[in-house]
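Beneath this line is the structure, given in structure tokens, with notes to follow.
Every read-out reported here was derived from the displayed coordinates using simple, explicitly stated rules and does not represent laboratory data. Small disclaimer: the values here were computed from a predicted structure and weren't measured. When we count neighbours, we look across all protein chains shown, and the Cβ atoms used for this are built from the backbone with ideal geometry, even at glycine.
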Amino acid sequence: MEIFRTKTVEQSILDTEAPEHRLRKRLSAVDLTVFGIGVIIGTGIFVLTGKVAKETAGPAVALSFIAAGIVCGLAALCYAEFASTIPVAGSAYTFSFATLGEFPAWVIGWDLMLEMALAGAVVAVGWSGYFGSLMSTLGIELPAAIAGEEPVVNVPAMVIVAILTGILVAGIKLSSRVNLVIVVIKVSVIMLVIVAGLFFIKAENYQPFIPPARSTPEVEGLGAPMIQVLFGITPVAYGVIGIFSAAAIVFFAFIGFDIVATAAEETIEPQRDLPRGIIGSLVICTVLYVAVSLVVVGMQHYTQLSTKAPLADAFTSVGQPWAATLISIGAIAGLTTVVMILMLGQTRVLFAMCRDGLLPRQLAVVNPRFGTPARVTLLVGFVTMVLAGFISLGALAELVNIGTLFAFVVVSAGVIVLRHTRPDLPRAFRTPMVPVLPILSVLACLYLMLNLPVETWLRFVVWMIIGAVLYFVYGYRHSRASRTPL
């Protein structure tokens, strides 16, 4: 069937040489690693640690982060093989086109749009909240209509998106330098918090390290986890099972390492540096997450932790309120880079889809001065600004999670397919233990997807149906693959 026509790896690489669609190669392994750290470390490290420790895992939340890191690591190894073999913009979209065909590639590209654009807007709203809080601490009260709990127009969120859009248009190297400066700030804050927190740890707060298991109240209706509806399995808090239930939650603190792969086309030595950037950023962030979680549950007993600002409140509980301001600064820095790199990833996926003709090709023209897909970047920036400024996004945030996990499943399966269909391809990095490791990655991601509510699955299906209609109305008819043998 034509909708399953694949695009050869050779053709994908050849397309990157077209003058009007050629991106500049400016990134090194260090740039990619910093990009990964920049997008992974956000509010999760400041908020999620305490919430999950108190409600699901107890002090063993550190083990939950390790488990989630392993699941992400399985997917990361699959991404590393693809990114080094097909160093082309588009990440999972491009990988899918080479293995599963055009329509599956469209589906995953449409899915990535949901993940990155929506996530960028959600994080921008979070940035606005921390910014307003910091301004209040400094004695500057922003009007509730533009920066309150439910503003009429979220002006700070729109302003930060506009600034970051300008940086992304101005060039990938400038973006990487800005990201490096901000990442240094937020990692410094995290390291200072870890080191300072060590002096206030009490051994008794780790007892019991794995609290006795107890059943959580069964959730009814559309809010129930899919695993409960399908198999009658009610989530459990604490105990060994609670550790893995918590892993399904803290997994979402790791979202973003896959975005490193979207910058493949702008990497100087992609075969060597992409695996280093993807895996390196994930390892560093896992270590930081585990360290922070051990410190916070050591400073304050898990039953007393705050679920809104656990790290700041833990320092306040030991007579060190200065940490609250410091943590706000770290969170603002953290969220700034998260928004920027999510938008970067979104523009590169959209750029690849436009270049293939599945969306208007005019959008894929590279700006001759800056060497960036300026038209696509401005479009993504505008949409993200509108979402962040005018729409309540809380109920839609979980769509980001299911979109990411779906991408992981497709990429993991794609490694097995490409090994079978193109064993001749030179692979600078090879995923170990194929097909066992990719299969484990698929199963682990599916397990986490089943822990999401039924309503999230329904919204995801609706989004995919809209995407399918758009493909058959526009993408199928305008695809370059339909006119040019690939």
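Taken over segment 47-96, the percentage of Cα pairs per 5 Å bin, counting from 0 up to the bin with the maximum distance, is 5, 20, 18, 12, 11, 10, 11, 10, 3. Evaluating 6.51 cos²θ - 1.76 cosθ + 1.60 at θ = phi - 60° for every residue in segment 265-275, the Karplus couplings come out as 6, 9, 9, 5, 10, x, 4, 8, 8, 4, x Hz, glycine and proline recorded as x. Simple spin-label estimate for V184 and H478 gives 4.3 nm between the two label positions (7 Å along the Cα-to-Cβ direction from each Cα). Once every DSSP H run of n ≥ 4 in the chain is given -39500 (n - 2.57) and the sum is divided by its residues, what mean residue ellipticity at 222 nm do you get, rounded to the nearest 500 deg cm²/dmol? When only DSSP H runs of four or more count, the value is -21000 deg cm²/dmol. Placing dummy labels 7 Å off each Cα toward the beta-carbon, the span from I466 to A213 is 4.0 nm. Projecting the Cα atoms of S175, V409, Y474 onto the charge dipole of the chain (Cβ charges, centred on the Cα centre) puts S175 farthest toward the positive pole. In segment 136-185, the inverse of the mean reciprocal separation of distinct Cα atoms equals 12.8 Å; this is its Kirkwood hydrodynamic radius. Extension gain, T421 to V386, is 8.3 nm, computed as 0.36 nm per intervening residue step minus the present C-alpha separation.
Compute the orientation-averaged projected area for segment 331-464 from the convex hull of its Cα atoms and round it to one decimal in nm². Can you show the working numbers first?
Numbers: hull surface 46.9 nm².
Reported value for the Cα convex hull: 11.7 nm².
Per-residue extension of 0.36 nm, minus the Cα-Cα distance of A162 and S28, leaves a gain of 45.6 nm for this segment. Taking label positions 7 Å along the Cα-Cβ direction at both T234 and L458, the computed distance is 2.3 nm, reported to one decimal. Each of F46, F35, F199 was scored by other Cβ atoms within 10 Å of its Cβ. Arranged with the fewest first, they read F199, F46, F35.
Projected onto their three principal axes, the Cα atoms of segment 237-288 cover extents of 47, 17, 15 Å, largest first. Note on the chain: Lys pairs 8 or more places apart or on different chains, Cα atoms under 23 Å apart, count 10.
Only Lys, Arg, Asp and Glu carry charge here, each on its Cβ (+1 for the first two, -1 for the last two); on that basis the chain has a dipole of about 1000 debye about its Cα centre. Available extension along the chain between E10 and M433 is 149.7 nm, counting 0.36 nm per residue and deducting the alpha carbon span. Using alpha carbons only, how many degrees (0 to 90, rounded to 10) separate the axis of helix 397-421 from the longest principal axis of the chain? It is inclined by approximately 50 degrees. Taking other C-beta atoms within 10 angstrom as a stand-in for reagent exposure, H21, H420 fall in the order H420, H21, fewest first. Sorting T16, T137, T377 by the number of Cβ atoms found within 10 Å of their own Cβ, with the fewest placed first, yields T137, T16, T377. Each semi-axis of the equivalent ellipsoid for the chain is √(5λ) with λ an eigenvalue of the Cα gyration tensor; in descending order they amount to 36, 26, 21 Å.
Segment 131-175 and segment 255-317 have Cα centres lying 23 Å from one another.
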